[in-house]
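A short write-up of the structure that comes next.
The values are calculated or read from the model by the stated rules, or taken from the named source; none is laboratory data. Just so you know, these numbers come straight off a predicted model, no measurement behind them. Glycine gets a Cβ as well: all are built from the backbone with ideal geometry, and neighbour counts include every protein chain shown.
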Amino acid sequence: MAPAEAQRFKERSASERVNSLLKERYGGRWVRVRGAAKVMCHLMFGLVALTATALFARLC
C-alpha cells in the first residue's frame, strides 16, 4: 500500500472499513439475487466471513 493510501486508511472510521471490505472482497457490490430477505442473507454471509477473517487474524 502506498504511503498516501495508508494515511487515508488510518483516518477512515471502522464502519467505513467494514463497508469497503464487504463490497470489495465479500460480494457486496454484485448481489445476484432478488428479494430483500435473500439480499440480506447474502450480505450477512459476507459479514460472517469478514468477522471470521478478522478473528483469525487477531488469534494468529
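Descriptive notes on the structure:
- Exactly one residue out of Ala36, Ala52, Ala2, Ala57 is out of contact with any Ser or Thr (no Cβ under 9 Å at 6 or more places or on another chain) and at pLDDT below 85: that is Ala2.
- Filtering region 2-22 to residues that are without any contact (Cβ under 8 Å) to a residue 24 or more places away in the chain and either touching a helix residue (DSSP H, G or I) at 6+ places or on another chain (Cβ under 9 Å) or hydrophobic (A, V, I, L, M, F, W, C) (or both) leaves Ala2, Ala4, Ala6, Phe9, Arg12, Ala14, Arg17.
- Residues in region 1-41 that are closer than 15 Å to Thr51 by Cα and among the polar types (S, T, N, Q): Ser15, Asn19, Ser20.
- Members of region 18-60 that are within 11 Å of the chain's Cα centre (by Cα), of a type in the set (Phe, Trp, Tyr) and exposed (fewer than 13 other Cβ atoms within 10 Å of the Cβ): Phe45
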